[in-house]
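Inspection log for the structure reproduced underneath, given as C-alpha cells.
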C-alpha cells in the first residue's frame, strides 16, 4: 500500500486540473453546442458519482439527489447574485465561495434528511428520500425571494470547462481515496451485510449518514455549477424525474463501480443528444432499453467487466488486485 | 360550516380514489415486495380506454348514463387487467429472484415506457373526459351544494372495496394470495401455483386502478399521459402510511391522504398540495415505520 501523499492518484488529479485549465483557455473557440454537452457530461458525472457513494458503495437507495442539487443551485445563485458578478480573480473567488456554500448547505440538508430516514431500508428509504426531494422542490416553489415557480433569473455565467472538470477530478480523487481508506471499507461492509458490520463494531447508521452527507455535498456543488452555466433555474428542473435519471446512470454503470458509472454518465448524456433527430421516440427507446438492460444485465452494463477493472488498476497505479469484494 | 361539509365530501371522494389505487400497490408489494411504479400508468391507461370507448358505449346505451358508466368501467377494467398481466409476465417475472432495486428500476422503466408511449400515441395535450357519471345536484340546502359525482365516486369505491374483500377473504385464490404474502416459499411448497396467483393479483390491482381512473377523470375531467404520476405516488404513500401489505390499511391511508390534501388545498394553500402526502409519510414512518396498521417485522439474519 502506497502511503505517501504524492502517489500516482495525486499526480493524476493534478494533471487533470492542469489539462482542464489549459483546455479552458481555448473554450471560446469550441462549437457552442458540443461545448454545452461537454459541460453537461461533467455535471452528470459529478451527480452520478456522488450518488454512487450512497447507492453503490453504501447500498442505500436514495431517490432524492435532485433535491440536494436544487439546494446547492439556489444557495450558490443567491450568493453570487448578492455579491455581484465581479470579473477576474475576485469573481472566481466569490464563485468558489458560492459553490462551497452550496455544497455545505446541501450537505446540511443531507444531514437533516439522512438522520431520520436512513433508519429505513430499501424501498422505504427510496420513497422517503423521493418525498424529501419533492418537499424541497415544493418549498422552493413557494419561496418568493427565490423566484417561486417562475424561477431564479440573471445568474452570472461563471461555470466553464475548468471549474467543471476540476470538480470532477477532485471528486474522483476523493472517492478513490475514500473507498480505499478504513472508513471506506466500512461503507462496503455496511452495504454487504449490515448486521455483520454492526457485529464488527461499525456504527452502520453513522457510516450511512456520512456517505449520504458527502453525496449531498457534491450534488450541491453540481447544482451550483449547473445554475452558473444555464444562468436560469426553476424548481421543475429538480423534480424526482431528475433524481431517477441520476439513479439510472448509477445502475446502468454498475453500482459501486466508479469507472462504469463514469462511462454510463457520459453515455446517458450523449445518447439523448444523438437521438435528437428522432426526438419523439427517444424517451420510448430509453425506457425500453432500461427494462431490457435490467432483465439482461442487472449488474449494469459495466458492472463486472474485467477490462475496466484492469484499466482502473492501471490508472490508479495498483498493480495487484487487493479487492476483497465479491 | 357549509364549506366544511363540502370539503369533507370532496376529501372522502378523493381519498376513496387514492384508496382504490393504493390497494393495487399494497397487494403487489405484499406478495412480491417491490413498488410497482407502472401501476400509476395503468391507472392512466384506464382513463384513456374509457375516453376512446365512450363514444361507442354512449351510442349503444343510447344516453343511459348509469349503463354507460358501468359498461365503460367494466371494459376499462378488462383492458387494464390484460395490460397489467402482460407487463408482469414480460418485465417482472424474469426478475423474481433479483434484488429489489433491479425490479424497482425495471418498474420505473415500464412506467416511463407507458408515459412516453402514451404521449406518442395519444398526444401530450390534455383531452376532455366525457360525462360518464351523472352530474346533478343532489342536495341543495342551507348553502350546502352536493353534486352527485362525489357520491357516485364514494359509493362505487366502497362497493369495489367490499367486493375485493370478499374475493380475498372468501375465495380459494384469495386465500392463496394471503398465503403468498405470508410466506411465499412455504406457500409454494404447499402446492400453490405462484405464477397464477401473482397474475391474479395483477388482475385485481389493475382493474381497481382502471375503475379509479374513471372516477378520477369524472371528478377532474381532463386527462393526459402523465395524469397518473401524482395520484400514483400519493396512493403508494397511502399504502405505506396504512401499513403496506394490509388491505384495510391501504383504504385508511387513502382516506387520510385524500382528506388532508383537500383540506390543505381548501384552507391553506394549493401550492403545497403535492408535498402534503410526503409530509404525512415522513411523520408516520418516523414514529411507526411499519405504518398505522402494519405489523412490525424485525429483520431476520
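Readers should treat all values here as calculations from the given coordinates under stated rules, not as data from a laboratory. Keep in mind it's a predicted model, so treat the numbers as computed, not measured. Backbone-built Cβ (ideal geometry, glycine too); neighbour counts: all protein chains shown.
Observations on the structure shown:
- Mean ellipticity per residue at 222 nm, deg cm²/dmol - from DSSP H runs of n ≥ 4 across chain B, formula -39500 (n - 2.57): -24000 deg cm²/dmol
- Helix B:100-122 vs. chain B, principal-axis angle (Cα, 0 to 90°, nearest 10): 30
- The mean number of Cβ atoms from other chains found within 10 Å of a Cβ in peptide B:111-119 is 5, as a whole number.
- Distance between modelled label sites at residue B:78 and residue A:296, nm, 7 Å Cα→Cβ extension: 3.7
- Distance between modelled label sites at residue A:275 and residue A:178, nm, 7 Å Cα→Cβ extension: 3.1
- Whole-number D in µm²/s for the range B:231-301 (Stokes-Einstein; Kirkwood sum over Cα pairs; 25 °C, 0.890 mPa s): 199
- Chain A: relative contact order as a whole-number percent, Cα under 8 Å and 6+ apart: 31
- Peptide B:239-246 shows a mean partner chain C-beta count of 1 within 10 Å per residue C-beta.
- On the basis of the beta-carbon distance and an R0 of 41 Å, residue B:136 and residue B:89 show a calculated FRET efficiency of 0.45.
- Three-way shape label, the protein assembly as shown, alpha-carbon gyration tensor, a/c 1.5: prolate
- Under a Gaussian network description of chain A, with springs only between Cα atoms under 10 Å, the residue in A:294, A:200, A:255 that fluctuates furthest is A:200.
- Across the range B:1-101, the mean sequence separation of Cα contacts (distance under 8 Å, 6 or more residues apart), normalised by length, yields a relative contact order of 23 percent.
- From its DSSP helices (H runs of at least four residues, each -39,500 (n - 2.57)), chain A gives a residue-normalised ellipticity at 222 nm of -24000 deg cm²/dmol.
- Computed from label points 7 Å out along Cα-Cβ, the spacing between residue B:8 and residue B:125 is 4.3 nm.
- Mean projected area (nm²) of the alpha-carbon convex hull when the range B:26-228 is viewed from all directions: 13.2
- Rounded, prolate or oblate (a/c below 1.5 giving rounded, otherwise prolate when a/b exceeds b/c) for the range A:8-239 by Cα gyration tensor: oblate
- Whether the range B:163-301 is rounded, prolate or oblate, judged on the alpha carbon gyration tensor where a/c under 1.5 counts as rounded: oblate
- Radius of gyration and maximum dimension Dmax of the range B:61-115, Cα, Å: 16.5, 52
- Using a Gaussian network model of chain A in which every pair of alpha carbons under 10 angstrom is joined by a spring, one finds that among A:122, A:300, A:102 the greatest mean-square fluctuation is at A:122.
- Neighbouring partner chain Cβ atoms per residue of A:121-127, average, 10 Å criterion: 6
- Under the criterion of Cα pairs below 8 Å and six or more residues apart, the relative contact order for chain B equals 36 percent.
- GNM on chain A, alpha-carbon springs under 10 angstrom: the most fluctuating residue among A:232, A:207, A:33 is A:33.
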